[in-house]
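What follows is a single structure, written as structure tokens, with notes after it.
The values are calculated or read from the model by the stated rules, or taken from the named source; none is laboratory data. As the structure is a computational prediction, the values presented were derived from the model and not from experiment. Heads up, the Cβs are rebuilt from the backbone with ideal geometry, glycines too, and the neighbour counts pull from every protein chain shown.
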């Protein structure tokens, strides 16, 4: 196949929107995948649909998964409070057990069907909130698994798991996305956004986002409730 295809994990947030714009700028035909996994709000799913359309994805797919049935995270269990701050070195209660492992596995399945040998994910070592499945060591390990566990990999057509934001600060990511034409007003980063996608302004994700725009010296178009 002559065309260059990629599957992009698209959460509806700032980072994954930037990853989609970056992949498109590299000449990939982009297929975006989002997950309705029982998260506290659905506004990020609507955001992912809008971002996918705005940035010219070939196809956008939403996969349903029952991660809220397992619980254990403030993002899937409404009885747990979303923290406004996290102690240094602590894995926060907003960590969703095995989330990126599950997401990447499903993205890999679609990529194999599409014969799309690049899978993009917006994980980040700098502002990664302590989540173990956002580290580069995990991404590299999953890539090895992908090429051991698939027909394409075994037959010599290997997959690459690309994490282009891995070493960028939030400000760097915002500068990059702005250069690539991302409309950040479409994105939802808040852990407890309302049904209209408006942000709380106080959770850790909101704070990281706010500081990113300040340090990038770029106007913040985030809507707050």
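Among (1) at pLDDT 95 or above; (2) surrounded by fewer than 20 Cβ atoms within 10 Å (Cβ to Cβ); (3) more than 14 Å from the chain's Cα centre (by Cα), which single condition is residue 164 missing?
(3)
Could you check the stretch 1-17 and list, in sequence order, the residues that are within 10 Å of residue 120 (Cβ to Cβ) and part of a helix (DSSP H, G or I)?
Residue satisfying the conditions is 16 alone.
Can you tell me which condition residue 84 does not meet? The list is (1) part of a helix (DSSP H, G or I); (2) loosely packed, with under 14 Cβ neighbours inside 10 Å, and all the others hold.
All conditions are met except number (1).
Keeping to the stretch 19-37, report how many residues are in contact with a strand residue (DSSP E or B) (Cβ under 9 Å, 6 or more places away or on another chain) and part of a loop (DSSP other than H, G, I, E, B).
3
Let's see how each residue does on (1) modelled with pLDDT under 95; (2) surrounded by fewer than 16 Cβ atoms within 10 Å (Cβ to Cβ); (3) not in a loop (DSSP other than H, G, I, E, B):
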site: 39; (1), (2), (3): yes, no, no
site: 45; (1), (2), (3): no, no, yes
site: 48; (1), (2), (3): no, no, yes
site: 80; (1), (2), (3): yes, yes, no
site: 90; (1), (2), (3): yes, yes, no
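Condition check ((1) part of a helix (DSSP H, G or I); (2) modelled with pLDDT under 95; (3) more than 26 Å from residue 75 (Cα to Cα); (4) more than 16 Å from the chain's Cα centre (by Cα)) across all residues:
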| residue | (1), (2), (3), (4) |
| --- | --- |
| 95 | no, yes, no, no |
| 103 | yes, no, no, no |
| 110 | yes, no, no, yes |
| 145 | yes, no, yes, yes |
| 148 | yes, no, yes, yes |
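State the number of residues belonging to the stretch 178-211 that are in a helix (DSSP H, G or I) and touching a residue at least 24 places away in the same chain (Cβ under 8 Å).
Qualifying residue count, the stretch 178-211: 10.
Residue by residue through the stretch 50-65, note down the ones that are closer than 23 Å to residue 98 by Cβ and either touching a helix residue (DSSP H, G or I) at 6+ places or on another chain (Cβ under 8 Å) or modelled with pLDDT under 90 (or both).
Those that are closer than 23 Å to residue 98 by Cβ and either touching a helix residue (DSSP H, G or I) at 6+ places or on another chain (Cβ under 8 Å) or modelled with pLDDT under 90 (or both): 61, 62, 63, 65.
Out of all the residues in the stretch 50-67, which are outside any loop (DSSP other than H, G, I, E, B) and crowded, with 18+ Cβ neighbours inside 10 Å?
The answer is 50, 51, 52, 60, 67.
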